[in-house]
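Q: First the structure, then my questions, so here it is.
The values are calculated or read from the model by the stated rules, or taken from the named source; none is laboratory data. All values derive from a computational prediction rather than experimental measurement. Neighbour counts are summed over all protein chains in view; Cβ atoms, including those assigned to glycine, are modelled from backbone coordinates with ideal geometry. Areas reflect the complete protein model, heavy atoms only, side chains present, ligands, DNA and RNA absent. Shrake-Rupley method; radii C 1.70, N 1.55, O 1.52, S 1.80 Å.
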Amino acid sequence: MPAYAVLGAQWGDEGKGKIIDVLSRDADIVARFSGGNNAGHTVVNGQGKFSFHIVPCGIFWPQTMNVIGNGVVVDPDVLLDEIDGLKEQGMDVADRLMVSERAHLIMPYHVALDALTEQARGKSAIGTTGKGIGPTYADKAARTGLRAADLLDIEALYPRLESILEYTNAVITKVYGGDAVDVDDVYAKCRQWSERLSPLIGPVERIVNDALSAGANVLLEGAQGALLDLDHGTYPFVTSSNPTIGGVSVGLGVHPGHISDVMGVFKAYSTRVGTGPFPTELNDDTGAHIRELAQEFGVTTGRPRRVGWFDAVAARYSSQVNGYTSAIVTRLDVLDGFDSVKVCTAYELDGEITQEFPGGVAALERCKPIFEDHEGWDSPTASATTLEELPKQARTYVQRLEELIGCPVDVISTGPHRDETVLVKRLLKV
Ligand code: GDP
Ligand code: IMO
Ligand code: MG
């Protein structure tokens, strides 16, 4: 009956997509529970290279059912494009994909509002992905959202849409000076979505719970990362959902007793896209070198990612929030060839040394990293599949990360391809 959570442990883009593809070999169900198409998850395997924004990354394993939970916000156009793209590549996924009837829909006016609010924030812009995520979750909390189930009852949707747009258009035009959205245009889109998506909309929460009761392996695919969490991240420079462990229960209707393992995915260094504090950021040639070497550019927006050394203060905090039973370290190979590698073990804040991750963004901005130096490794880790293949210094580095994070590193990723993986331990029970 176990559910296994795979969560982003930093600021997103840790390599969750690759890890989900690897671990799905032993999964019956793979489920997204939070976020939307702000996510960009890369999978590289024998079938090619793929970027997923909404379809779970377990889809390549034919035994898996892939579900999108109630906590996810779904842009139907993006979902349909992704399904069509997979079909063009020879994969018909429709019979192995289900969207919760309770999942909220990202509407065209949410995307418009995302752009308008970012513009209005001026210098304090968050640097969102522009996919309408914040406005959709805001409508959900305000109880003015539309859900996948509403596409099953298309006639009843029109008057609701009319009333929502009366208010939303006033905000768009009078507050932000934007262009009003036409109710009939949006409704025509809803009709098209209803025709194509209705067969995919179903009782995801019941199906997942029935599977867990029957002893199936459910793999929970995190999106974003702990430090982007609406409550626990570097607010306000966060996303609008809970990518941390609590988000699993809420976003999929699975009670915590079902979750046996919580895996935190960490890059061997750090990156962040968008604005907000980043204590170990490298604004120098080393940062630029890692960015180029590792091709650290966003999957969803193409923006250059900010790069820094591994931050163990943030990592311990992330572990405190999520209670990792395993850590997964990705992109170790990116550090191949460096003379030395640094890890931040504490911050200096206003003249005091601290290992606390401050709750306030102003204090976090003032934190200066205190680094320890690690010897680089003389032979590459790239493509290694066993611990024995890793050079001694790389193993020492991973052991130090293990100590600092406070749980065993059970998977090490040494390249983007599915096979470039050191599985220290088989994580899903079979
Ligand atoms: P996600 O959002 O957490 O799924 O991560 P992204 O897909 O946005 O970014 C991770 C990037 O790193 C992708 O380009 C992956 O193909 C790549 N990647 C994943 N694991 C490794 C690894 O171990 N080594 C290298 N070099 N690249 C990796
Ligand atoms: P994956 O799943 C990295 C960041 C954005 C921005 C902030 C808010 O690929 O790891 P939003 O559009 O969510 O309102 O933007 O969150 N962000 C991500 N950064 N990886 C992601 O997802 C992200 N999803 C959102 O860059 O700073
Ligand atoms: Mg990503």
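Q: Which residue, chosen from Ser194, Tyr109, Ile133, occupies the Cα position most advanced towards the positive end of the dipole of segment 104-197, where the dipole is computed from +1 (Lys, Arg) and -1 (Asp, Glu) charges on Cβ about the Cα centre?
A: Ile133
Q: Between Asp184 and Glu388, what is 0.36 nm times their sequence separation minus the Cα-Cα distance? Round to one decimal in nm. Don't skip to the end; give the middle numbers.
A: Values: separation 204, 0.36 × 204 = 73.44 nm, distance 6.29 nm.
Difference between extended and current length: 67.2 nm.
Q: Compute the Cα gyration tensor for segment 202-262, then decide on rounded, prolate or oblate, letting a ≥ b ≥ c be the square roots of its eigenvalues: rounded whenever a/c is under 1.5, prolate when a/b is larger than b/c in the other cases, and oblate in all that remain.
A: Values: a/c = 3.05, a/b = 2.28, b/c = 1.34.
Cα axes put segment 202-262 in the prolate bin.
Q: Something else now. Just order 159-167, 330-338, 267-275 by mean Cβ neighbour count inside 10 Å, highest at the front, would you?
A: Values: 159-167: 14.0, 330-338: 20.9, 267-275: 23.7.
In decreasing order of mean packing, 159-167, 330-338, 267-275 become 267-275, 330-338, 159-167.
Q: When the Kirkwood radius is taken over all Cα pairs of the chain, what Stokes-Einstein diffusion coefficient follows at 25 °C and 0.890 mPa s, in µm²/s? Numbers along the way, then the final one.
A: Details: Rh = 22.1 Å.
In µm²/s, the coefficient is 111.
Q: Along the positive direction of the dipole of the chain (beta-carbon charges: Lys, Arg +1; Asp, Glu -1; about the Cα centre), which of Leu335, Ile54, Leu97 reaches farthest?
A: Leu97
Q: Further question: Sort segment 1-113 into rounded, prolate or oblate with this rule: let a ≥ b ≥ c be the square roots of the eigenvalues of the Cα gyration tensor; rounded if a/c is under 1.5, and if a/c is not under 1.5, prolate when a/b is larger than b/c, oblate otherwise.
A: Values: a/c = 1.40, a/b = 1.24, b/c = 1.13.
Rounded is the answer for segment 1-113, as its axis ratio a/c remains below 1.5.
Q: Using unit Cβ charges (K, R positive; D, E negative) and no other charged atoms, how large, in debye to the nearest 20, is the dipole of the chain about its Cα centre? Working shown, then result.
A: On the way: 38 positive and 58 negative charges, 86 e Å.
My answer is approximately 420 debye.
Q: In the chain, what % of DSSP beta bridges are antiparallel (nearest 5)? List each step's numbers first, then the result.
A: Numbers: 25 of 62 bridges.
Looking only at bridges with both residues in the chain, the antiparallel portion is about 40 percent.
Q: Scaled to the compact-protein estimate 2.2 N^0.38 Å, what is the alpha-carbon radius of gyration of segment 104-197, rounded to two decimal places? Provide the component values of the computation, followed by the final result.
A: Values: Rg = 13.5 Å, N = 94, 2.2 N^0.38 = 12.4 Å.
So segment 104-197 has a normalised radius of gyration of 1.09.
Q: Continuing with the same structure: Given points 7 Å out from each Cα along the Cα-Cβ axis, report the Gln119 to Lys425 separation in nanometres with one decimal.
A: Simple spin-label model gives 5.2 nm for this pair.
Q: Which of the residue pairs Lys16/Lys429; Lys342/Lys392; Lys87/Lys267; Lys16/Lys49; Lys140/Lys267 have a Cα-Cα distance greater than 22 Å in the structure shown?
A: Beyond 22 Å between Cα atoms: Lys87/Lys267; Lys140/Lys267.
Q: If ligands, DNA and RNA are left out, what is the accessible area of Phe266 with a 1.4 Å probe, given in Å² to the nearest 10?
A: Near enough 0 Å² of accessible area.
Q: Using θ = phi - 60° and the Karplus curve 6.51 cos²θ - 1.76 cosθ + 1.60, what whole-Hz ³J(HN,Hα) does each residue of segment 80-88 get, with Gly and Pro shown as x?
A: For segment 80-88, the Karplus-derived couplings read 5, 4, 5, 5, 5, x, 5, 5, 4 Hz, x marking Gly and Pro.
Q: Calculate the FRET efficiency for Ala362 and Ala149 from the Cβ-Cβ distance with a Förster distance of 41 Å, rounded to the nearest 0.05.
A: On the way: r = 42 Å, r/R0 = 1.03.
Efficiency, from the Cβ-Cβ distance: 0.45.
Q: What order do you get for 410-419, 88-97, 388-397 when each peptide is scored by the mean count of other beta carbon atoms within 10 Å, highest first?
A: 410-419, 388-397, 88-97
Q: Which one, Gly302, Tyr269, Val409, projects farthest toward the positive side of the charge dipole computed for segment 265-423 from Cβ point charges (K/R +1, D/E -1)?
A: The residue sitting most towards the positive pole is Gly302.
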